[in-house]
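*Asks:* Here it is, the structure in full.
The values are calculated or read from the model by the stated rules, or taken from the named source; none is laboratory data. Predicted, not measured: the structure shown is a model, and the values here were computed from it. Methodologically, a virtual Cβ is constructed for each residue, glycine included, from the backbone with ideal geometry; neighbour enumeration extends over all protein chains shown. For the accessible areas, the whole protein counts, side chains as well, though only heavy atoms, and no ligand, DNA or RNA atoms are used. Shrake-Rupley method; radii C 1.70, N 1.55, O 1.52, S 1.80 Å.
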Amino acid sequence: MVEEYALELRNVTKRFGSVTASNHVNLSVKKHEILSILGENGCGKTTLMNMIAGIYRPDEGQIFVNGREVLIQSPENANALNIGMVHQHYKLVNIFTAAENIMLGRKGSAVVNVESVKKEIKSICDAYGFNINLDQKIYEMSVSQKQNVEIVKALYRGADILILDEPTAVLTPQETKSLFAVMKNMRSDGKSIIIITHKLNEVLEVSDRVTVLRKGRYIDTIDTKDATVEKLTEFMVGSKIEMNIRRSEPVNPEERLSVSNLSFVSKDGVKLLDDVSFSARSGEILGVAGISGCGSKELFESIAGVVSGGKLAGGHVLAYADGKMTDITGKDSVEIKKAGVKLSFVPEDRLGMGLVGSLGMTDNMILKSYRDGKGPLLRRIRGRKLALKVKSLLEVVTPGIEFPVRRLSGGNVQKVLVGREISSNPDILLVAYPVRGLDIHSAYAIYKQLEKAKARGVAVVTIIEDLDVLIAVSDRIIVLNGGKVTATVDSRTTTKEKIGLFMTSDVRA
């Protein structure tokens, strides 16, 4: 019996100058199927999906939709073929309601019967299990609610083939469970869903088949029921890798960072941090859990002295320097360094705050020390050595260490930033989302570096979206909800369900 395919790619190739991002890739998606796409950073996953969605045009190869060869030269072509894509960064108008965003771009009469359209949208929500308040403004919504709006928008436009790029990256376990239920309902209704994710346990839970790419080439497609985490990882990297996260016990932990009663107010007067208190100790990894908007961004930036979008409204931050705790409350990053505090910071905004996109690895390494008074030649020699070290240690994929980092894949940009900060030998290391956008092989390399920093006596404070990983890596976890600390838990005895509850409800430990 011949399989009925919703989508087929045959020998699809895409080049960017001398770089071949997709190299004669074959891909098929069945009707009534959830297909996962796996591969290391820079393997061509997003490039391939962008060709299906009409953002890029293939240089070679054929695309078939429902058995008919098609030419997809724009997102409009893709929409006409009932193909929709939900990107990691949502394309919504914040001041519009959910219904207004879903209606945007609607074809037909310029005069719209809003109530009639809202009934159509509600019928879609009811059919698949979406819980959306159609009159709610986007800026009032959580990340998962915004994602639901994006998916419903694609369905409202008639999508039968739906591409989801890292849909669970910043969702709680409860929100992920709800999304998977919706995806299964869509599959039962005949939709074909392609999901890009780095979370292998989720791949095994929700997909029917898995396609693996490596270095721009198609490797294999296997039924999920026949897959394991170890087998998928081996397909992705071409060899077996060790999958255990080894969490050592803290040795002689001593206080390195003390935050007491810290509050932060936005420019609009909204309290984003409310009386936050905690401490971080040497030789320990302290995890921070919370949904988007919980205050973790403001917390890390307030400690690191790079406050933007508001101001401190109370409290104190003490950090270890020269054998004693020093008050760094309200100091900027330069003043913190002058106070003798060895603090490294990996911000959430990789290129906007962490690196200069137009510079290569060498010059981005120098950014940490260009005020130290060394000669320019000496700084470049040291910067080059560090760049080569980070490139080798974290396997950064780049044409060269002088190649602009903004032209690297998101995962490789992350490696450059994390590698630089860890290599500066800090006493305190703040890391926001250290493995966001990284494949499992690269992620484990970062986990090992965090563990090595911990073993050297560094106080590591990190936010990791994947609660399974956060629990496995951390010694303790603080949970933020609405700018408040709702719990401090021992990672060795807690569960992700408990943490998810503290993240999303008024329950406190």
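*Asks:* Past 31 Å, Cα to Cα: identify those pairs from 199/311; 119/267; 45/153; 191/448; 91/391; 331/454, in the order given.
*Replies:* 199/311; 119/267; 191/448; 91/391
*Asks:* Next question, about the same structure. Would you mind checking which residues have amide H under 5 Å from residue 22's amide H? H placed 1.01 Å from N; only 5 or more apart, or other chain.
*Replies:* 14
*Asks:* Placing +1 on the Cβ of each Lys and Arg and -1 on the Cβ of each Asp and Glu in segment 88-182, which of 112, 167, 95 has its Cα farthest towards the positive end of the resulting dipole?
*Replies:* 112
*Asks:* What does the charge count around residue 298 come to, taking other residues whose C-beta lies under 15 Å from its C-beta (Lys +1, Arg +1, Asp -1, Glu -1)?
*Replies:* -1
*Asks:* Next question, about the same structure. To the nearest 20 debye, what charge dipole does the chain have about its Cα centre, counting +1 at the Cβ of each Lys and Arg and -1 at the Cβ of each Asp and Glu?
*Replies:* So the dipole magnitude of the chain works out to roughly 1520 debye.
*Asks:* On a 1.4 Å probe surface of the protein chains, which of 24, 32 comes out largest in accessible area, and what is the full order?
*Replies:* Correct descending sequence by accessible area is 32, 24.
*Asks:* Going toward the positive end of the dipole of the chain, with +1 on Lys and Arg Cβ and -1 on Asp and Glu Cβ, which of 210, 441, 405 do you reach last?
*Replies:* So the residue furthest toward the plus end is 405.
*Asks:* Quick one: work out the % antiparallel among DSSP beta bridges in segment 161-297, nearest 5.
*Replies:* In segment 161-297, DSSP labels about 70 percent of beta bridges as antiparallel.
*Asks:* Can you pull the one-decimal nm distance between simple spin-label points at residue 208 and residue 425, each 7 Å off the Cα toward Cβ?
*Replies:* For residue 208 paired with residue 425, the spin-label model returns 5.7 nm.
*Asks:* Once fully extended, how much extra length lies between residue 55 and residue 493, figured as 0.36 nm per residue of separation less the alpha-carbon to alpha-carbon distance?
*Replies:* 153.0 nm
*Asks:* Scanning the chain for GluC sites (Glu not before Pro) in DSSP loops with at most 11 other Cβ atoms within 10 Å, what's the longest stretch left with none?
*Replies:* In short, 243-509.
*Asks:* With unit charges on the beta carbons (Lys and Arg positive, Asp and Glu negative) and the dipole taken about the Cα centre of the chain, which residue among 29, 71, 461 sits farthest to the positive side?
*Replies:* Positive-end residue among those listed: 461.
*Asks:* Any chance you could give the angle, 0 to 90 degrees and rounded to 10, that helix 376-393 forms with the longest Cα principal axis of the chain?
*Replies:* 50
*Asks:* In nanometres, what is the gap between the two model label sites at residue 268 and residue 174, each 7 Å from Cα along Cα-to-Cβ?
*Replies:* Distance between the two pseudo-spin positions: 2.4 nm.
*Asks:* So how strong a dipole does segment 62-171 carry about its Cα centre when Lys and Arg Cβ are +1 and Asp and Glu Cβ are -1, to the nearest 20 debye?
*Replies:* 200
*Asks:* Now a separate question. Using DSSP to call loops (not H, G, I, E or B), can you name the trypsin sites (Lys or Arg not before Pro) in segment 416-498 whose Cβ has at most 15 other Cβ atoms within 10 angstrom?
*Replies:* When the trypsin sites (Lys or Arg not before Pro) of segment 416-498 are filtered for loop state and at most 15 Cβ neighbours within 10 Å, 456, 492 remain.
*Asks:* Enter the accessible area per residue of the chain (Å², integer; probe 1.4 Å; all protein chains in place).
*Replies:* 45
*Asks:* What dipole magnitude, in Debye to the nearest 20, does segment 258-320 give about its Cα centre under +1 on Lys/Arg Cβ and -1 on Asp/Glu Cβ?
*Replies:* 80
*Asks:* Relative contact order of segment 404-463: what whole-number percent is it, with Cα pairs under 8 angstrom and at least 6 residues apart?
*Replies:* That works out to 40 percent.
*Asks:* Further question on the same structure: Taking 2.2 N^0.38 Å as the expected size of a compact globular protein, what ratio does the Cα radius of gyration of segment 62-129 give against it, to two decimals?
*Replies:* That ratio works out to 1.36.
*Asks:* Next question, about the same structure. Give me the distance in nm between label points sitting 7 Å out from Cα along the Cα-to-Cβ direction at residue 135 and residue 313, one decimal.
*Replies:* It is 2.9 nm.
*Asks:* Quick check: residue separation of residue 448 and residue 506 times 0.36 nm, minus the Cα distance between them. What number comes out in nm?
*Replies:* In short, 17.4 nm is gained.
*Asks:* Still on this structure, I have one more. Compute the length gained on full extension between residue 181 and residue 220: take 0.36 nm times their separation in residues and subtract their Cα-Cα distance, giving the result in nm to one decimal.
*Replies:* Result for the pair: 11.3 nm of gain on full extension.
*Asks:* Taking all protein chains in place and a 1.4 Å probe, what share, in percent, of the accessible surface of the chain do carbon and sulfur account for?
*Replies:* Roughly 48 percent of what the probe reaches on the chain is carbon or sulfur.
*Asks:* Within segment 24-61, which residues have the backbone N less than 20 Å from the label spot 7 Å out from residue 107 along Cα→beta-carbon, could you tell me?
*Replies:* Residues passing the 20 Å test: 52-56.
*Asks:* Moving on to the next point. Considering only DSSP beta bridges whose two residues both sit in the chain, what percent are antiparallel, to the nearest 5?
*Replies:* 55
*Asks:* Could you compute the FRET efficiency for residue 455 and residue 89, with r as their C-beta to C-beta distance and R0 at 30 Å, rounded to 0.05?
*Replies:* 0.25
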